[in-house]
Each structure stands twice: as structure tokens, then as C-alpha cells.
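Right, one structure below, let's go through it.
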Amino acid sequence: MAAALPLVSIITPSFNQGEFIAATIDSVLTQDYPAIEYLVVDGGSTDGTLDVLRSYGARLNWISEPDQGQADAVNKGIARTQGAIVAWLNADDLYVPGAVARGVAELEAHPNAALVYGNAEFIDRAGTVLGPCPQVEPFDLARLLHHLDFIVQPATFFRRAAFERVGGLDVGLRYCLDYDLWLRLARQSAVRYSATPLAQARIYPETKTASGGLARLDEIERMVRRYGRNMLPNLFYGEMVRACWHSGWHNLAARRWGRAASDWRRGLFYTGAYLFRKVRYGR
């Protein structure tokens with residue numbers, strides 16, 4: 001008799017994503033992997049999301065109640081499910097057909113791996129494919145910490161036991177909760193990269209990545225200090241320079257002189273770091 005397929009628990013954290021959530025749900029419900037446990041954890045949406053969720057009837061399990069943000073919603077959802085393999089798919093991202101089966105196959109073929117990630121595509125607000133996510137690359141822990149976060153979150157699957165062992169997602173993080181999780185998992189267990197496309201990540205101006213500005217970069221900088229790096233990973237330098245100068249001008253216009261000066265000092269520091277890297281490494 002063939003061994004039973006491992007159960008995969010997929011969580012979709014949701015808050016006021018009624019514009020996109022039906023496409024996200026459909027991308028899960030149409031997967032060809034037969035052992036999926038799916039739960040939408042909504043934070044009390046007021047934009048029509050709940051009407052979308054109700055429209056699926058018995059085909060969809062969901063809850064809606066206040067939470068402390070995305071990390072709390074994912075932690076809550078994983079705690080309420082049972083699968084040995086877990087993943088979360090945000091309410092504006094999509095799985096490609098066959099993604100779950102491919103993720104499971106990679107983890108089954110590499111029992112020492114806690115996390116598997118694949119390639120992904122960027123899509124726009126309307127779902128039009130913009131092209132492959134260019135930052136994805138084979139796994140290297142030093143590059144993940146010191147250079148960039150090359151793991152695209154919706155293209156990941158990981159083991160529940162490993163997730164629980166590192167304490168789940170940090171509810172104190174808003175912007176880099178996934179990046180922090182990859183680093184914690186990788187410090188304890190193997191990580192497996194598959195070149196197979198697994199997901200589509202939606203990009204538009206309101207996403208946390210696009211709108212986070214200096215607050216997002218501040219959080220990443222604080223987070224990586226936990227792992228022994230005292231400044232941003234290298235490939236964030238240019239973004240930090242732009243964010244510091246933009247914030248400085250904003251504070252100047254608001255007559256917050258001290259904050260403007262602090263932003264510009266920081267921008268000059270990262271400008272120097274950026275130019276040094278360009279001269280030394282050519283990128």
C-alpha cells in the first residue's frame with residue numbers, strides 16, 4: 001500500500017483585501033494535491049471580504065476576528081490546523097497550478113530540509129504577469145543575511161515541527177516577519193531551493209513593501225542585528241539612501257529640523273556604503 005500523502009495546511013491572512021482574495025482562494029482550491037487543509041484568517045475586514053468568504057459556502061473554512069497583524073494571523077491559523085507541512089499565502093498572491101504538489105515533493109525528497117522555496121513571478125493589480133522575480137537565487141545563508149532576501153514568501157513551504165521549534169513568526173514585526181523566519185529556520189535546519197515556479201506575487205503601490213518607506217528599512221536593520229549584522233544587507237543600501245533623503249525633505253517641510261538632520265546624516269552614511277560597494281564589487 002502506498003504511504004499516505006502528508007497533509008498540507010495553508011493559511012491566508014486577510015484584512016480588507018476583497019479586491020484580490022477570491023483569486024487567491026481559487027488558486028488554492030484548484031490545486032491538484034488532494035491533502036490540503038485551508039483556512040482563511042481574517043482580521044475583521046470591512047470592505048466586502050466577508051461576503052466573498054461566505055460565497056464559498058462549505059468549500060472554505062474561515063474565521064474573522066481582530067488580531068495583532070499578519071504574523072499573529074498566520075501563527076493563529078497554523079495553531080488551528082494539523083498539517084505536517086505548512087505555508088501561508090497572502091490574500092493578494094497566487095499559487096500557480098501544481099505548486100503544492102511540487103513543494104511537497106521537494107520536502108519529501110529532502111527529509112533534512114525544513115524549508116523549500118521556488119521561483120515566482122510578479123503580477124500587477126489586474127493579474128497580468130510582469131515577469132519573473134529577479135532576486136530569487138539558490139540558497140546561501142551568508143548571502144541571505146548579508147546581501148538580500150532572495151526568498152519570495154508565497155513560493156515557500158515548510159515543516160510544522162521546524163516552524164514550532166523556532167517559535168513561529170515574530171508578532172512584533174510588520175514588514176520583515178518572513179525574512180526573520182527564513183533566517184531562524186536556516187540557522188537550525190537545511191533549506192532547499194527548487195527552480196520550479198510556485199507562486200505569483202502581486203505588486204502595486206499599497207503593498208507593505210512598496211509603501212513601507214523608511215519604517216520598513218528601519219525594521220529590517222533592527223532585525224538583522226539579531227543575527228550579527230550591524231547595518232542593512234548590502235542590496236538594500238540604495239533603497240535606504242532614497243528613503244532617508246525623502247524622509248529628510250518631508251521632515252524639513254514639517255519643520256522637524258532635528259529629524260530631518262538625522263535622516264540626512266543616515267542617508268550620507270548609507271551613500272558612502274553604497275558607493276564603496278559599487279567601487280569594490282561593481283554593483
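The values are calculated or read from the model by the stated rules, or taken from the named source; none is laboratory data. This is a predicted model, so every value here is computed, not measured. All Cβ positions, glycine included, derive from the backbone under ideal geometry; neighbour counts span all protein chains shown. To get the accessible areas, we keep the full protein, side chains included, count just its heavy atoms, and leave off ligands, DNA and RNA. Shrake-Rupley method; radii C 1.70, N 1.55, O 1.52, S 1.80 Å.
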Q | Total residues in region 1-26, condition surrounded by 20 or more Cβ atoms within 10 Å (Cβ to Cβ) and either among the polar types (S, T, N, Q) or in contact with a Pro (Cβ under 9 Å, 6 or more places away or on another chain) (or both) | A | 5
Q: Among the numbered conditions (1) in a loop (DSSP other than H, G, I, E, B); (2) farther than 14 Å from Q17 by Cβ, tell me where D47 comes up short.
A: (2)
Q. In region 28-59, how many are open to solvent by less than 10 Å² (accessible area, probe 1.4 Å) and within 20 Å of V86 (Cα to Cα)?
A. 4
Q | Residues (open to solvent by 40 Å² or more (accessible area, probe 1.4 Å), assigned to a strand (DSSP E or B) and of a type outside the set (D, E, K, R)) located in region 120-138 | A | F122, V129, L130, P132
Q: Return yes or no: is V52 β-branched (V, I, T) and not in a strand (DSSP E or B)?
A: yes
Q. Is it the case that S27 is in a helix (DSSP H, G or I) and of a type in the set (S, T, Y)?
A. yes
Q) R216 fails exactly one of the following numbered conditions: (1) at pLDDT 95 or above; (2) of a type outside the set (A, V, I, L, M); (3) part of a helix (DSSP H, G or I); (4) over 23 Å from Q70 (Cβ atoms). What is the number of that condition? A) (4)
Q) F236 passes all but one of (1) in contact (Cβ under 8 Å) with a residue 60 or more places away in the chain; (2) more than 29 Å from L144 (Cβ to Cβ); which number fails? A) (2)
Q.
So for region 151-164 (the condition being assigned to a strand (DSSP E or B) and either open to solvent by 40 Å² or more (accessible area, probe 1.4 Å) or among the β-branched types (V, I, T) (or both)), does at least one residue qualify?
A. yes
Q: Assess whether G282 counts as being open to solvent by less than 20 Å² (accessible area, probe 1.4 Å), modelled with pLDDT under 95 and either in contact with a strand residue (DSSP E or B) (Cβ under 7 Å, 6 or more places away or on another chain) or over 18 Å from Y175 (Cα atoms) (or both).
A: no
Q) Do any residues in region 145-166 that are touching a residue at least 12 places away in the same chain (Cβ under 8 Å) have Cβ atoms under 6 Å from those of residues that are among the aromatic types (F, W, Y), where the two are at least six apart or on different chains, and which pairs are they? A) L145/Y227; D149/Y179; I151/Y117; I151/W182; A155/Y117; T156/Y117
Q. Are any residues in region 60-91 closer than 26 Å to E206 by Cβ, assigned to a loop (DSSP other than H, G, I, E, B) and either open to solvent by less than 20 Å² (accessible area, probe 1.4 Å) or touching a Cys at 6+ places or on another chain (Cβ under 7 Å) (or both), and if so, which ones?
A. L60, L89, A91
Q: Can you give me the number of residues within region 220-236 that are open to solvent by 10 Å² or more (accessible area, probe 1.4 Å) and either in a helix (DSSP H, G or I) or not hydroxyl-bearing (S, T, Y) (or both)?
A: 11
Q) Which residue pairs have Cβ atoms under 7 Å apart, sit 6 or more places apart or on different chains, and have a first residue in region 170-181 that is open to solvent by 40 Å² or more (accessible area, probe 1.4 Å) and a second that is in a loop (DSSP other than H, G, I, E, B)? A) V171/Q68; V171/G69; R174/G69; Y175/G212
